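Each reported figure results from applying straightforward, stated rules to the coordinates on display, with no laboratory input. In this text, all values refer to a predicted model and were calculated from it rather than measured experimentally. Positions of Cβ are generated from backbone atoms using ideal geometry, with glycine treated the same way; all protein chains shown enter the neighbour counts.
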Amino acid sequence: MAKVRQDAWSHEDDLLLAETVLRHIREGSTQLNAFEEVGDKLNRTSAACGFRWNAEIRKNYVDAIELAKRQRKERKRALERKKKQPQYQLPTISEEQQQTTSGQTNYQDNGRMSFDSVIYFLKQIKEEYVSTTQNKLTYDLLKQENNKLKAEIEQLTKKLNVTEKQLTTIQEDYQTFIQIMDRARKMTVFDGEDTIKPPKFRMDKNGNLEQLANSSGN
């Protein structure tokens, strides 16, 4: 069955889409694979996910995309270096080699192979540390973007509340005006010739209308 969703994207949906696309870029995968993965999770089509990413979300993650691309290059270089490096194992030291007659540890080993193995092992630790640091930077960027969007939502909510209060005030003023006009219409009088003579009014300090006596001598 085709996946079709008509409801709007939530902030959590956008964040999931951004994190998934950045992860696929960082791991050397394609954005299409990221769209398909998000589509499966949100029950949306990959085309809908791609449109959402390109139309709305991508522009907010320019720095994170560049960082993910750099991480992809570093990952690729690290894999290439790993293929070129000889796969050594740290040599084991027997108990006889570990203990000397004086009770101290004997650190002599088989020579250069052991030394190269230690260097390679330390390089692997360094690469893992760099990868962890880059992942932390990506997380910090996503967290900053999330906080920025939350602040924008809060500001828009405050503006909406102010607008609603203003609309309520306008509606109340309009109703008051209608009531005043209705009272004025009811106070209109007719003279002996059935012609309408508009009365004169004045407004007291409480905002109420009162009709003045007709000065025509009637």
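Using a cut-off of under 13 Å, list every residue of the stretch 146-176 whose amide N is near the label point 7 Å from the Cα of MET203 along the Cα-to-beta-carbon line.
Under 13 Å, as judged by backbone N against the label point of MET203, lie 173-174, 176 of the stretch 146-176.
Quick one: which of 119-132, 164-177, 62-75 comes out on top by average Cβ neighbours within 10 Å, and what's the full order, highest first?
Listed from highest to lowest mean packing, they are 62-75, 119-132, 164-177.
In nm, what is the difference between 0.36 nm times the number of residues separating ALA151 and ILE119 and their Cα-Cα distance?
Extra length from ALA151 to ILE119 when fully extended: 6.7 nm.
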